[in-house]
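In what follows, a single structure is set out as structure tokens and then discussed.
Read the figures in this text as sums done on the coordinates, not as results from a lab. All figures in this text were calculated on a predicted structure; none of them were measured in a lab. Here the Cβ is made from the backbone with ideal geometry for all residues, glycine too, and neighbour counts use every protein chain on show.
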Ligand code: NAP
């Protein structure tokens, strides 16, 4: 999708798109230096590519960037498609005027957009749309929740059954799965932008992501599905890590970002065999904030570690049962175990939140001696009592002689308190191993101080990759290339 504001930039983008895309749509309404009254002007654009092209000049009421006189806009599209393009896209609302101009029906895409509301009556809209003769019909509707994608997939199923060329998209973040899975379910095409800034509709994914990351050309109804559920999920490095690993092992699997707010509705609509409305081969998913605890009542089984820790970060679907696991525990321990034996080591865990729980559980399981340092002693006390470990205020950290220091607070994190460290320099003099769960930046202030003090350091990225590797193994039974997953995470996080 070309959404440049000048002819020159659009021509350049057309050349770039020719290498990356299968088809190009030019949004003429984005152009600020284009003379819309002269159809011949289109040639300078379409001549830049050998790919099939769609010309679109969206009406302002349906997301157009500028108001263009209808007496100019519609003839430009209809005549332009006849002479220079493969298709023109016209809104269903303007079909009557369009027909008067005698378009080439075989080059007509008739579309319907709703940016405001998730449409409740998509089957009705489908019926109305297909009454208007055209080569392809399309709708793009708003989604507020992942459940709003269900009627969109249903329509694709219907269109496939009716043997119609149809494009159906749910816009916005929760609708991303329709952009990724749409073509595997019969959508004539899906739209990709060059980069996020050039997206023409909310939730649009880049061409590069569609092709390389999600491998949409290989996806079918039979593709095994995994993903991440949470809110938000757009920042997550997990799709990059898992999809890269699936591709490397040539597995017919895909990992999707799924913005889920209502966990109960997600289980009803997408998972439970008797109520689900989504027809897909879901094999499991990662779970992130805010669902790691609230998901537990919906699971059929919970494995021992996840049960004891009281949080689930991984679900495996096996024989229609949802089974909860927690890979944060072993994921947090693996990087440490690579550099030392944990039994009898004295460990200072800083912070007493969710990740501290996983770390403390893993350390105790491995017979390490653990003290927890927290800013709010009252709040941290139940955790310390539960695990029967020493609880100390943060200002005691200075005196610690622990051989391993682990930061589980967000201090030092990008966007939170970058360039701050929770550990005073004195606490590093005896050169403990220093492990920071924060992974962005890769070298936090704490890790920099520790390196300069001669300590061995471990970045939170190691845990991020290790817990993902364990999830991958749980779903597929195969061992992924962790170095590859790490590279994918580094690229996504731009570290
Ligand atoms: P959490 O449940 O909110 O716990 C955060 C803990 O840090 C709480 O004990 C909190 O204390 C404490 N804390 C927050 N701000 C503090 C401050 N200014 N001074 C002292 N203590 C402070 O969060 P979480 O899920 O454990 O995550 C914590 C960090 O670990 C995040 O940066 C996250 O990105 C990172 N993490 C990394 C991985 C990985 O794979 N590498 C995995 C999980 C988490 P209060 O209870 O008093 O608020």
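Summarising the label geometry, the points placed 7 Å from Cα in the beta-carbon direction at residue 105 and residue 451 lie 6.8 nm from one another.
Using mean Cβ contacts within 10 Å as the protection proxy, how do 84-90, 269-275, 109-115 order, highest first?
On the way: 84-90: 22.1, 269-275: 14.3, 109-115: 19.9.
The densest-packed peptide leads the list: 84-90, 109-115, 269-275.
Is the shape of the range 350-495 best called rounded, prolate or oblate, per the rule: a/c under 1.5 gives rounded, else a/b larger than b/c gives prolate, else oblate, with a ≥ b ≥ c the square roots of the Cα gyration tensor eigenvalues?
On the way: a/c = 1.87, a/b = 1.31, b/c = 1.43.
Oblate, because a/c is 1.5 or more while a/b does not exceed b/c.
The radius of gyration of the Cα set in the chain, together with its Dmax, comes out at 26.7, 85 angstrom.
Sorting the segments 304-316, 34-46 by their mean number of nearby beta carbons within 10 angstrom, highest to lowest, gives 304-316, 34-46. Scaling the Cα radius of gyration of the range 398-440 by the globular reference 2.2 N^0.38 Å produces a ratio of 1.16.
Shape call for the range 347-410 from the C-alpha gyration tensor, a ≥ b ≥ c root eigenvalues: rounded (a/c under 1.5), prolate (a/b greater than b/c) or oblate? Verdict is rounded for the range 347-410. Each principal axis of the range 16-174 carries a Cα extent, and these read 44, 36, 30 Å when sorted largest first.
Label-to-label distance for residue 379 and residue 131 is 6.0 nm, based on points extended 7 Å past Cα in the beta-carbon direction. For the chain, the longest principal axis of the C-alpha atoms and the axis of helix 328-339 are separated by about 60°. Could you let me know the centre-to-centre spacing of the range 338-393 and the range 29-49, using Cα atoms, in angstrom? Spelled out, the Cα-based centre of one part sits 65 Å from the other. The distance separating the Cα centre of the range 214-239 from that of the range 92-135 comes to 30 Å. Each label point was placed 7 Å from the Cα along the Cα-to-Cβ direction; for residue 386 and residue 338 their separation is 2.9 nm. Computed over the chain, relative contact order equals 8 percent, with contacts defined as Cα pairs under 8 Å that lie 6+ residues apart. Look at the alpha carbon pairs under 8 Å that are at least 6 residues apart: their mean separation over the length of the range 331-464 gives a relative contact order of 22 percent. In terms of packing, defined here as the mean over residues of other Cβ atoms within 10 angstrom, the peptides 249-255, 126-132, 347-353 line up highest first as 347-353, 249-255, 126-132.
Can you grab the distance from the C-alpha centre of the range 396-434 to the C-alpha centre of the range 252-268, Å, no decimals? Measuring centre to centre over Cα atoms gives 36 Å.
Based on DSSP H segments of at least four residues, each scored -39500 (n - 2.57), the chain has a per-residue ellipticity at 222 nm of -9500 deg cm²/dmol. Using C-alpha pairs under 8 Å with a sequence gap of at least 6, the mean separation divided by the residue count of the range 317-380 gives a relative contact order of 34 percent.
So how much slack lies between residue 417 and residue 265, counting 0.36 nm per residue of separation and subtracting their Cα-Cα distance, in nm?
Using 0.36 nm per residue and subtracting the Cα-Cα distance, I get 51.1 nm.
Each 5 Å bin from zero up to the one holding the largest Cα-Cα distance in the range 74-132 carries the following percent of pairs: 4, 17, 29, 20, 14, 10, 6, 1. The Kirkwood radius of the range 134-283, taken over pairs of alpha-carbon atoms, gives through the Stokes-Einstein law at 25 °C and 0.890 mPa s a diffusion coefficient of 158 µm² s⁻¹.
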